[in-house]
Amino acid sequence: MPTLSAFRASPILSGRKEPPSGGFLKWGSSFAPAFLFDENFGGMSLWRCTPVDWEPLMRAVAKVERDLEARVEDLGYELVELRWGGSKGRPQLQLRIDRADSLPGEGVNVDDCVVVSRALEAWLDEHEGLSERYVLEVSSPGLDRPLTKSQDFERFRGEKIAVNGDGVLADRATRLEGELLGLEEKEGEAEAVVLRLANGDEVTIPRSKIRKAHLVFTWE
């Protein structure tokens with residue numbers, strides 16, 4: 001039976017056993033996960049992992065990633081982001097979901113997270129190589145919703161966003177904030193994000209240079 005949690009927008013934790021005392025392992029915590037995955041928002045591909053005896057788990061992970069988005073969409077939701085953490089014996093899946101075309105902050109609620117969690121739990125239980133002690137967390141994308149797909153940069157045109165790069169972006173800084181003007185696609189050139197900065201300047205940033213992008217909530 002899934003367990004409700006107060007983390008973020010009341011995510012749903014599921015798995016055959018309760019999380020360890022003090023809560024479940026969170027991505028970026030002091031615990032060093034035994035396997036790590038790419039945080040590049042252009043995809044959800046495997047980045048690096050401990051080899052050899054991890055092969056069964058890696059096969060299970062690859063299968064989950066291949067089918068998960070379609071299963072979430074069949075339930076009437078959009079998969080915004082998938083992250084992995086934990087360990088071989090207790091892998092953790094963090095899902096952030098939304099409703100397509102919803103406004104920032106007006107998408108899914110706790111009941112929606114329960115629906116998705118319960119539907120996915122039965123499916124995940126069938127995956128050989130995935131420990132029965134896995135932890136599943138389903139939550140809303142939050143007010144700082146990640147922008148992970150090309151359509152996100154069109155859908156949230158006019159919203160304030162932040163982009164982070166591993167290097168300097170548009171000859172300015174490694175982090176920029178501004179109004180999202182959409183995507184620019186020119187023949188023979190890489191897809192790029194267009195921003196209007198606070199000083200009115202418009203900058204164009206190739207998506208390949210962006211490590212992370214998300215909405216910025218402004219209190220009114």
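The values are calculated or read from the model by the stated rules, or taken from the named source; none is laboratory data. As the structure is a computational prediction, the values presented were derived from the model and not from experiment. No Cβ is skipped: glycine too gets one built from the backbone with ideal geometry, and neighbour counts run over all protein chains shown.
Values as computed for the structure displayed
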{"quantity": "Options 167, 142, 178: the member that is over 19 Å from residue 80 (Cβ atoms) and either surrounded by 13 or more Cβ atoms within 10 Å (Cβ to Cβ) or under 18 Å from the mean Cα position of the chain (by Cα) (or both)", "calculated": "178"}
{"quantity": "Filtered residues of the stretch 120-146 (kept if among the hydrophobic types (A, V, I, L, M, F, W, C), closer than 16 Å to residue 94 by Cα and in contact with a strand residue (DSSP E or B) (Cβ under 8 Å, 6 or more places away or on another chain))", "calculated": "120, 124, 130, 135, 136, 138"}
{"quantity": "Criterion violated by residue 187 - all others in (1) at pLDDT 90 or above; (2) outside the structural domain of residue 61 (by TED's automatic domain parsing) satisfied", "calculated": "(1)"}
{"quantity": "Qualifying residue in the stretch 169-189 (condition: farther than 16 Å from residue 204 by Cβ, charged (D, E, K, R) and in contact (Cβ under 8 Å) with a residue 24 or more places away in the chain)", "calculated": "no"}
{"quantity": "The stretch 126-148, residues that are under 30 Å from residue 55 (Cβ atoms) and not in a strand (DSSP E or B)", "calculated": "126, 127, 128, 129, 130, 131, 132, 133, 134, 148"}
{"quantity": "Pairs where the first residue, in the stretch 68-90, is farther than 15 Å from residue 136 by Cβ and the second is part of a strand (DSSP E or B) and among the β-branched types (Val, Ile, Thr), C-beta under 9 Å, 6+ apart", "calculated": "78/97; 80/97"}
{"quantity": "Selected residue [surrounded by fewer than 22 Cβ atoms within 10 Å (Cβ to Cβ), under 27 Å from residue 190 (Cβ atoms) and not polar (S, T, N, Q)] from 149, 88", "calculated": "149"}
{"quantity": "Condition check for residue 102: at negative phi and touching a residue at least 24 places away in the same chain (Cβ under 8 Å)", "calculated": "no"}
{"quantity": "Which numbered condition residue 101 misses (of (1) surrounded by 13 or more Cβ atoms within 10 Å (Cβ to Cβ); (2) in contact with a helix residue (DSSP H, G or I) (Cβ under 8 Å, 6 or more places away or on another chain))", "calculated": "(1)"}
{"quantity": "Scope the stretch 190-201; condition surrounded by 10 or more Cβ atoms within 10 Å (Cβ to Cβ), in a loop (DSSP other than H, G, I, E, B) and either at pLDDT below 95 or among the small types (Gly, Ala, Ser) (or both); matching residues", "calculated": "190, 191, 198"}
{"quantity": "Check on residue 174, within 20 Å of residue 214 (Cα to Cα) and assigned to a loop (DSSP other than H, G, I, E, B)", "calculated": "no"}
{"quantity": "Subset of the stretch 97-119 [outside any loop (DSSP other than H, G, I, E, B) and small (Gly, Ala, Ser)]", "calculated": "117, 119"}
